[in-house]
Every structure is written in structure tokens, then in C-alpha cells.
Amino acid sequence: MDTVIVLFNRDLRVHDHPALTAACATSCRVVPLFVVDPEMPAAHRAGFLSECLADLRRSLRELGGDLVVRRGDPVAETLRLAEELPAQAVYASADVSALARRRERRLAEECGRLRMDFRTFPGVTIVPPDALRPSGGGDHYRVFTPYWRAWSRQSRREVLKAPDKVSLPEGVESGPLPAAGDSHGLFKGGETVARGRMRQWLKYCVADYADGHDDLAGNRTSKLSPYLRFGCLSPLELEALAENGDEFVRQLCWRDFFHQVTRAFPRINRDDYRSRGREWRDDPDAAQAWREGMTGVPIVDAGMRQLLAEGWMHNRARLVTSAFLVQRLMVDWRVGAEHFFDLLLDGDVSDNYGNWQWVAGTGNNTRPDRVVNLVRQARRFDPDGEYIRRYLPELDAVPVRMLHEPSRMPRVVRGYPAPLVSVG
């Protein structure tokens, strides 16, 4: 073929990018394209995305190409550019959300109408979401443990190096990158930063992950999730490099698990995966107190304040805060999941909504009625109250035993509320 467009979306990298590699191998000219969709609210992710795109453009220019940026409906803008060039094919990484699947169907239909080829490639997950089927029947695994066993046995494709050269057609206007916006101090976007973080963490921290990843006050998680969410890192390459990191690889498998669930159940962000007949309370005031980190339960409020301040939250804190909302306040999981999705830098449809439904008992949890003991969680994973005090400085002088059991805390902390509900 003469010209292929590679449509980037959640795959903002040049290393181990099957669609980009295939385009460079099968065509004379390659047009890397990113379409900024004004209908998709970026909120706090805008700055991170802009940094990712700027880094991707630099990498492509070093390879002799460029990142072409357009603004509008991704399908319409891709087809408009394809007709202008003209291009013979559009390549993209396959994704699983309802929005992504609709986009892929539209592209396939319109490319067919214009007699162009449209192909999707793996790369968003380690094992493609449609690759594994339960032996007893069904289109996907509903329980993690048998999926983990099958996933562990599944062969892997080759990890691909970055292309040697990307040849852009002459005369193609690259277009401006989206405005930088506010960036997160905790995370700087882009594949270059991501690969540096990955190498450092795998070298110094992955062997200790099993022992330390639940330590709320520690810095012992990888913090690579935003880079996986935007595709600055290949999950396959990350797995391949994670020697002596079995527990960490298991977390990568959870990510694949929820992606294959979402592919089979694309309304995971709207409907109960499994209906449990739960009746949720409509309590806007309680929900708002939870959002603001003002529930009167320090371990919960610390997590919610971390989210507000950093656009990220420790994984254990995500469990604690979500369990409080759905199990103690009995507020609909969708309320909490939407808030997380809006604020989390690593907000991803499959992981976010899959985990919320797991905690709510409407998802893939094999023990849907299990209640998280918040006092025990605080004592075990923040024994000295360091995490709580970091995000709730107004409680700095409160004894740790009272931080763990808010019902015993005296009502003398100015501005800090009494617990909305008992958690003892």
C-alpha cells in the first residue's frame, strides 16, 4: 500500500505498537493521527494528555515522521484526512468500551464504503480480550481465578521495538497540539517519562511489591497506572520486564480481566453486571460529604482528599472509600464510580467501573455480601496514622487509636465533622 493512517487513541507510544509497526512494514507512507474530540470532557486529564501528545510528536519526529493532530469527531476527521491524502487503509488499536466499539464499527463501515481497508490490532491489553473462553462455555470469564490460570498459560505475541523510520507524506499539515492546561505535580505525561519510571521501579521496587503495595503511607506502588491508561506504556512489555514480580503481574492480569468483562458487557458503566436486587439510598448530602472528604471517618476522608489533591489514589484507599459509600451509606455505586472516573488521572472504563461493581456486589465478586471492616483496614494498612495525617492535617494532634476508631474521637477538632455513620 502507498499510504496508511494510524489512528492513535489510548496507545500514545512508539514502542510495542502493533498498528504502527504493521503500517510501517506494509506501506510506503504512514500518517500517525490523533483527533481531539471536543465532545469528550478532559477536565484535569487535559494537561497530562497534552504532555503525552507532545512527547509522542517528538518521538515520531525523531523517526522522520510527525503526529498529525485534528479536532472534531474522530471518525469524520479520520475519513476526511484519508480522502485528502488519499490513504488506502486506517489502522488502530482495538479497545473494549462501548464508545470505542461504536467508533470502530463506524470506521469499518465508512472505510468499506470508501473502499479502504480498516484493521484493528492488539496492544491495549496483554492478552487480547477475546482470546480466552471458559471451557464450560460462555463468551468470557466471569470469575478471576480461572481467568488467571488460563491467562497465565496463554502464549504472548512478540514485544515489538519502535519502528526504525516513519515516512510521512509531503505537504501534510501537522496541526497544533491541544492547550497544555494544568499538569499534575505527581505525574508528567508521555512515553519518555513513563519508560524512565518503569525502568526505575522494576529495578528497585518490584521485588518488594508483594510485601509493601498495601502500605497506605508508603511509596511502594508503581504509580504506572496513568501511563497504562493512556498507552504510554505497553502492558505486554511491562509484564515481560517484571522479573520476580508475580504479585505485580497478577495486578496486570486483573486489568486484562476487567477489559474482557467490558468487551462482553459494554454497559458496565451503566448497568449492574449481576443484579442483586439492591436498593440504594438517594442521599445527595451524604454523597457530597464523601466527595469532599468530610464524612467524619478519617481513613475514608484521607483517601478522598488524596483524590482531590492529586488526581490519583492508593489502591487500598480506593477499596476503603468505595466500600464506605456503597456498604455503609448505601449510595448507588454509579454515583461514586462517576466521581472517580471524572477525577482519576488513570480513570479507565473497564478498571474503574469493574472494581466499583466488585465492591458493590453487583459485579464479579464471588462473595458479594462481604463487608469491608474500615477500622481493621485503618489499623492494618495505616497503623501509625501517617497516611491519615498527611491528607487531614487538622487531625495531626489526634491520637492514632482515635483516628482508627472515629466514634471515640472527641468533637474538639474545629471544622471536622462527626461520623456520618458508625464504622465500628
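Odds and ends about this structure:
- Count of the range 139-153 residues, restricted to those that are surrounded by 13 or more Cβ atoms within 10 Å (Cβ to Cβ) and assigned to a loop (DSSP other than H, G, I, E, B), is 3.
- Any hit, the range 222-240, residues being closer than 24 Å to Ala309 by Cβ and touching a Ser or Thr at 6+ places or on another chain (Cβ under 7 Å): no
- In the range 349-361, the residues that are within 12 Å of Leu325 (Cα to Cα) and assigned by TED's automatic domain parsing to the domain that holds Val372 form Cβ pairs under 9 Å with partners that are hydroxyl-bearing (Ser, Thr, Tyr) and part of a helix (DSSP H, G or I), at six or more places apart or across chains, as follows: Trp356/Ser322; Val359/Ser322; Ala360/Ser322.
- Within the option set Ala309, Ala302, Ala317, being within 17 Å of Leu216 (Cβ to Cβ), buried (at least 21 other Cβ atoms within 10 Å of the Cβ) and more than 17 Å from the chain's Cα centre (by Cα) holds for one residue only, Ala302.
- Among the residues of the range 369-387, none qualifies, meaning not one is without any contact (Cβ under 8 Å) to a residue 40 or more places away in the chain and within 25 Å of the chain's Cα centre (by Cα).
- Residues located in the range 132-148, provided they are touching a residue at least 60 places away in the same chain (Cβ under 8 Å) and over 11 Å from Thr366 (Cβ atoms): Leu132, Asp139, His140, Tyr141, Tyr147, Trp148
- Residue check for Gly293: modelled with pLDDT under 95 and surrounded by 14 or more Cβ atoms within 10 Å (Cβ to Cβ): no
- Here the helices (runs of 4 or more DSSP H) wholly within the range 254-336 that include at least 2 residues being over 30 Å from Asp215 (Cα atoms) are 284-292.
- Residue-level check: of (1) over 30 Å from Arg156 (Cβ atoms); (2) more than 26 Å from the chain's Cα centre (by Cα), Met40 misses just (2).
- Only a single criterion out of (1) under 30 Å from Pro368 (Cα atoms); (2) acidic (Asp, Glu); (3) part of a helix (DSSP H, G or I) is not satisfied by Glu104, namely (1).
- Residue check: Tyr204 meets all listed conditions (1) exposed (fewer than 15 other Cβ atoms within 10 Å of the Cβ); (2) among the aromatic types (Phe, Trp, Tyr); (3) touching a residue at least 60 places away in the same chain (Cβ under 8 Å) but one, namely (3).
Conditions (1) within 19 Å of Arg267 (Cβ to Cβ); (2) in contact with a Phe, Trp or Tyr (Cβ under 9 Å, 6 or more places away or on another chain); (3) surrounded by 14 or more Cβ atoms within 10 Å (Cβ to Cβ), marked per residue:
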position	(1), (2), (3)
Leu325	no, yes, yes
Phe341	yes, yes, yes
Thr366	no, yes, no
Val372	no, yes, yes
Pro383	no, no, yes
Leu392	no, yes, yes
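- Of all the residues in the range 110-165, those that are touching a Cys at 6+ places or on another chain (Cβ under 6 Å) and either more than 24 Å from Ser97 (Cβ to Cβ) or basic (Lys, Arg) (or both) number 1.
- Which listed residue, of Gly212, Gly196, is exposed (fewer than 15 other Cβ atoms within 10 Å of the Cβ) and in contact with a Lys or Arg (Cβ under 6 Å, 6 or more places away or on another chain): Gly212
- Output for the range 120-138, where each listed residue is at negative phi and loosely packed, with under 12 Cβ neighbours inside 10 Å: Ser135, Gly136
- Matching residues in the range 374-424 - criterion: being closer than 16 Å to Asp215 by Cβ, part of a loop (DSSP other than H, G, I, E, B) and not small (Gly, Ala, Ser): Asp382, Pro383, Asp384
The values are calculated or read from the model by the stated rules, or taken from the named source; none is laboratory data. All of these numbers come straight from a predicted model, not from anything done at the bench. Neighbour counts run over all protein chains shown; Cβ positions are idealised from the backbone, glycine included.
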